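Where a number appears in this text, it was derived from the coordinates with a stated rule and is not lab data. Every value quoted in this text rests on a predicted model; they were computed, and no experiment measured them. Reconstructed Cβ throughout: ideal geometry from the backbone, glycine too, with neighbour counts over all protein chains shown.
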Amino acid sequence: MSQDRIQNLKPTALATLLALSEKDLQANIVSLLKVHGWMWNSRHSLAGFPDLYAVRGQSFVAIEVKSEKGKVSKDQEKWLEALRQLPGSAFVG
């Protein structure tokens, strides 16, 4: 979620979002992907590969799901950096 969108959330919505576990965050992201017509996958793969990857039309996104307390590992950062070189988006969310 972008900084602008986070800043525009009501304080209670932001507190609720930040309190979610990574499992619950991922479930919410998957729900949004479905609603907006994305094809997605979350198979366990090589160490560090993002938790979710999704495609819609010519758009691709890779998402490493982290809670407020979560930290990106070195393997995760390597994958995200490699994916950022491709057309599309790769981020921690």
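Results, tabulated for the structure shown:
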| quantity | calculated |
| --- | --- |
| Estimated FRET transfer efficiency (L46, V72; beta-carbon r; R0 22 Å; 0.05) | 0.90 |
| For peptides 51-59, 32-40, sequence by mean Cβ density within 10 Å, most packed first | 51-59, 32-40 |
